[in-house]
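All remarks here apply to the structure that follows.
The values are calculated or read from the model by the stated rules, or taken from the named source; none is laboratory data. Everything numeric in this text was worked out from a predicted model, so none of it was measured. Positions of Cβ are generated from backbone atoms using ideal geometry, with glycine treated the same way; all protein chains shown enter the neighbour counts. For the accessible areas, the whole protein counts, side chains as well, though only heavy atoms, and no ligand, DNA or RNA atoms are used. Shrake-Rupley method; radii C 1.70, N 1.55, O 1.52, S 1.80 Å.
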Amino acid sequence: MIFQRGRLASQMLRWFLLIGLIPLFLATSLTYRNSVKSLEEEAYYELSSIANRQIKQIESYVLERQRDVTTLAQTPLTGEAIEELARARAQHGTDSDEYDEIARSYRGFFAYYTESANYQDLFLVSREGDVLLTAEGGSELGESLESGTLATSSLAYVFERASTFLETDISPFDFYPPYGEPAAFIAAPAFKDGVVVGAVALALNNEDVFRIINDYTGLGRTGETVVGVIRDGEIALLSPTRHDSDAASKRIPLDDPSAKPFHDALRGGKGSGISIDYRGREVLAIWRYFPLRWGMVVKIDTEEAFAPVARLRNLSLLITVLTLAAVVLTAQSVSRSLSEPIRRLTQYTQRISRGDLDQRIDLQVENEIGILASSFNRMTTQLKDSIRDLKETTAAQERIESELRVASDIQMSTMPKVFPPFPHRRDFGIHATIKPAREVGGDFFNFDLVDDDRLFFVIGDVSGKGVHAALFMAVANTLIQTAARAGLSPDQVLGAANRQLSRDNESCMFVTVFCGVVDLGSGRLTFSNGGHNLPYLLSDGDGVAPIEEACGLVLGLNPDYEYSSHSLTLRPGDGVFLYTDGVTEAMDHEGQMFGEPRVERLLGRYRHADVQKIVEVALEDVKVFAAGAPQSDDITLLALQYRPA
């Protein structure tokens with residue numbers, strides 16, 4: 001062996017280098033990695049702060065503009081102008097001198113308002129959707145937002161929202177044909193003597209919005225903010241960028257790597273990481289959903305973002321080389337003067353290297369060799385302790401896994417698992433299953449006969465995963481079952497459970513719940529929804545359709561929220577299919593989701609099957625779609641069929 005050859009001084013030199021350089025390498029590597037991690041986290045934090053700053057600025061800008069249009073809509077002159085212009089249009093038409101005279105009498109005020117508040121244009125729209133006045137005399141005058149060429153525009157969208165819900169709303173920032181560029185509108189309903197006569201809409205000034213987006217403060221030489229929307233199956237960039245003044249006309253295919261951050265943001269997600277931008281450059285990026293229904297990406301070239309990391313790498317390399325040189329010189333000096341102690345030390349260390357951790361080095365020298373001997377003694381003691389701790393940790397991990405299996409069994413025992421659950425009852429059928437993503441999950445289902453004529457059922461999905469979600473699920477399931485057995489209506493069941501779950505909920509966990517009661521005599525289904533996925537009604541006559549009644553708030557966040565009940569009548573043979581989002585959000589290896597369309601197609605094929613068949617086929621369909629991809633969320637299915645004698 002290399003450590004048994006040559007002079008003792010040479011052997012001692014080799015050992016010294018081995019013992020000295022390994023800790024040096026480990027310490028240098030650890031320090032470098034921690035420093036790199038800190039620098040990278042700082043870069044991500046700075047980008048995230050800039051993204052949050054710009055979102056807050058846009059939110060403040062939009063809120064201010066919403067106040068503007070609300071105030072203008074409530075001004076008596078606005079309602080009076082809409083009413084008078086609508087009357088003149090009906091009597092004379094928008095091309096008449098009479099109409100033009102009335103329009104001129106109001107246009108001055110609205111044109112002044114538009115210019116002073118820095119809007120691109122202002123529109124007065126009748127209750128029927130006809131554009132009665134534009135402050136800037138645009139081509140939209142006389143157009144119908146209900147059936148004309150602008151019926152699919154963002155202006156028509158925001159008019160419909162304002163007139164339907166009677167509140168101020170903002171449109172998506174999308175391409176607007178009359179302007180030949182993207183535009184966003186804010187609209188509010190206008191009243192005259194307490195009656196809705198139409199709406200007033202303001203076109204936002206793109207320069208104001210882009211000024212906020214193109215604020216490069218804190219973004220160095222290469223950083224910028226890019227916004228986009230999905231249009232015609234591609235990502236359409238909406239504003240000029242720092243590196244491309246014509247970027248507003250650029251389109252990015254959805255399968256292009258640079259489109260992924262926008263796609264994630266437009267689906268309501270947020271994230272960060274290394275990505276490729278529209279120039280094909282590698283960038284550090286943060287993406288968010290934007291208040292104007294945009295996907296926003298704040299990015300900076302990785303070369304600039306990680307420049308401190310490169311400097312740290314060069315400095316670490318220099319320090320390592322210098323330290324290595326110093327260690328070699330020191331080892332040579334020591335090895336020449338301490339050959340005998342080193343020889344004995346080598347013998348001891350060889351025994352230690354063979355696994356004899358009970359070995360102790362006894363050198364009676366008052367110098368660095370003695371300290372080194374003591375260090376070896378401490379090292380072997382610590383190594384023995386580490387091995388013992390590792391064994392104890394492994395045993396503890398095995399106990400935890402065993403306890404998780406027991407917890408899973410207990411959790412599953414709280415839900416029905418024998419089917420059919422009521423073999424003596426022929427007037428209905430019910431079947432359900434649950435497949436947790438981990439040992440314990442946050443989904444649950446349950447059902448029970450409140451009395452001979454009423455069947456209660458519930459399905460729920462707790463936020464998060466793991467033990468916390470399982471505990472929260474157990475509490476929610478117990479509270480709901482207790483309230484249901486007390487004979488409360490579905491909305492009262494959700495209200496009672498919500499009040500208990502919201503109390504002292506410091507972790508802000510919540511659960512989505514759909515519950516209902518079927519009157520087995522009349523087929524009347526009464527139900528209440530606490531933020532859960534819409535179930536499907538399976539009908540012989542109407543096919544498969546989601547039950548789209550109003551959806552309430554999830555349970556656990558607002559103790560004062562009041563839930564509402566809805567009802568429908570099941571005909572013989574009709575069924576109800578319920579599921580959690582682990583079904584629709586199941587993904588294959590390419591990141592594609594199972595989605596609601598696949599659920600609807602599957603139910604369309606099997607809506608006449610018995611409830612067990614429907615559940616089994618749906619679960620198998622999800623499994624085949626995932627094709628072995630890891631399950632990211634719990635999957636729960638429940639099917640109910642009404643079949644009176």
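A few remarks follow.
- Residue match in segment 214-222 (condition: modelled with pLDDT of 80 or more, within 16 Å of residue 58 (Cα to Cα), among the β-branched types (Val, Ile, Thr) and open to solvent by 10 Å² or more (accessible area, probe 1.4 Å)): yes
- Scope segment 481-512; condition in a helix (DSSP H, G or I) and either within 20 Å of residue 635 (Cβ to Cβ) or open to solvent by 70 Å² or more (accessible area, probe 1.4 Å) (or both); matching residues: 482, 485, 492, 499, 500
- Screening 174, 121 for residues that are under 36 Å from the mean Cα position of the chain (by Cα) and at pLDDT below 90 leaves exactly one candidate, 174.
- Cβ-Cβ distances below 9 Å connect the following pairs, each with a first residue in segment 304-333 that is farther than 24 Å from residue 221 by Cα and touching a residue at least 60 places away in the same chain (Cβ under 8 Å), a second residue that is open to solvent by 50 Å² or more (accessible area, probe 1.4 Å) and of a type in the set (D, E, K, R), and a separation of six or more residues or different chains: 331/14.
- Residue satisfying all of: in segment 235-262; open to solvent by less than 60 Å² (accessible area, probe 1.4 Å) and assigned to a helix (DSSP H, G or I); nearest to residue 295 (Cα to Cα) among these: 262
- Scan segment 290-322 for residues that are in a loop (DSSP other than H, G, I, E, B), open to solvent by less than 60 Å² (accessible area, probe 1.4 Å) and not aromatic (Phe, Trp, Tyr) and the total you get is 2.
- In segment 591-640, residue nearest to residue 513 (Cα to Cα) [restricted to those that are open to solvent by 30 Å² or more (accessible area, probe 1.4 Å), in contact with a helix residue (DSSP H, G or I) (Cβ under 9 Å, 6 or more places away or on another chain) and of a type in the set (S, T, N, Q)]: 632
Residue-wise test of (1) polar (S, T, N, Q); (2) out of contact with any His (no Cβ under 7 Å at 6 or more places or on another chain).
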position: 486; (1), (2): no, yes
position: 497; (1), (2): no, yes
position: 514; (1), (2): no, no
position: 519; (1), (2): no, yes
position: 524; (1), (2): no, yes
position: 529; (1), (2): yes, yes
position: 533; (1), (2): yes, yes
position: 539; (1), (2): yes, yes
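- Qualifying residue in segment 515-538 (condition: of a type in the set (Lys, Arg) and assigned to a loop (DSSP other than H, G, I, E, B)): no
- Candidates 584, 580, filtered to the one that is within 19 Å of residue 620 (Cα to Cα), buried (at least 20 other Cβ atoms within 10 Å of the Cβ) and of a type in the set (S, T, N, Q): 580
- Here 427, 409 are screened, and the one residue that is at pLDDT 90 or above and open to solvent by 10 Å² or more (accessible area, probe 1.4 Å) is 427.
- Residues of segment 139-171 classified as surrounded by fewer than 17 Cβ atoms within 10 Å (Cβ to Cβ), among the small types (Gly, Ala, Ser) and more than 24 Å from residue 192 (Cα to Cα), total: 4
- Segment 191-213, residues that are of a type in the set (Gly, Ala, Ser) and open to solvent by 30 Å² or more (accessible area, probe 1.4 Å): 194
- Residue count for segment 203-226, restricted to those that are closer than 19 Å to residue 120 by Cβ and either touching a Ser or Thr at 6+ places or on another chain (Cβ under 6 Å) or outside any strand (DSSP E or B) (or both): 11
- Flag if residue 217 is under 23 Å from residue 75 (Cβ atoms) and in contact (Cβ under 8 Å) with a residue 12 or more places away in the chain: no
- Test for residue 113: is it touching a Phe, Trp or Tyr at 6+ places or on another chain (Cβ under 9 Å), at pLDDT 90 or above and assigned to a helix (DSSP H, G or I): yes
- Test: residue in segment 456-478 that is closer than 19 Å to residue 644 by Cα, of a type outside the set (Lys, Arg) and either at pLDDT below 90 or open to solvent by less than 10 Å² (accessible area, probe 1.4 Å) (or both): yes
- Flag if residue 122 is farther than 30 Å from residue 229 by Cα, out of contact with any Cys (no Cβ under 7 Å at 6 or more places or on another chain), touching a residue at least 24 places away in the same chain (Cβ under 8 Å) and not aromatic (Phe, Trp, Tyr): no
- A Cβ distance below 8 Å, combined with a sequence gap of six or more or placement on separate chains, defines the contacts here; from segment 38-53, residues that are of a type in the set (Gly, Ala, Ser) reach residues that are part of a helix (DSSP H, G or I) in the pairs 43/305.
- Criterion: under 17 Å from residue 190 (Cβ atoms) and either open to solvent by 70 Å² or more (accessible area, probe 1.4 Å) or not in a helix (DSSP H, G or I) (or both) - qualifying residue of 87, 107: 87
- Scanning segment 263-289 for residues being touching a Leu at 6+ places or on another chain (Cβ under 9 Å), in a strand (DSSP E or B) and touching a residue at least 24 places away in the same chain (Cβ under 8 Å) gives a total of 7.
- Taken over segment 513-541, the criterion of being open to solvent by 20 Å² or more (accessible area, probe 1.4 Å), within 18 Å of residue 480 (Cα to Cα) and of a type in the set (Ser, Thr, Tyr) is satisfied by 526 alone.
- Test: residue 453 is open to solvent by 50 Å² or more (accessible area, probe 1.4 Å), in contact with an Asp or Glu (Cβ under 9 Å, 6 or more places away or on another chain) and acidic (Asp, Glu): yes
- Test for residue 58: is it open to solvent by less than 80 Å² (accessible area, probe 1.4 Å), over 28 Å from residue 194 (Cβ atoms), in a helix (DSSP H, G or I) and of a type in the set (A, V, I, L, M, F, W, C): yes
- Scope segment 108-123; condition under 15 Å from residue 202 (Cβ atoms) and out of contact with any strand residue (DSSP E or B) (no Cβ under 6 Å at 6 or more places or on another chain); matching residues: 109, 111, 112, 113, 115, 116, 117, 118
- Pairs with Cβ under 6 Å, 6+ apart, first in segment 620-642 and more than 13 Å from residue 585 (Cβ to Cβ), second open to solvent by 30 Å² or more (accessible area, probe 1.4 Å) and among the hydroxyl-bearing types (Ser, Thr, Tyr): 637/433
- Residue 606 falls short on exactly one of the conditions (1) at pLDDT 90 or above; (2) within 29 Å of the chain's Cα centre (by Cα), and that condition is (2).
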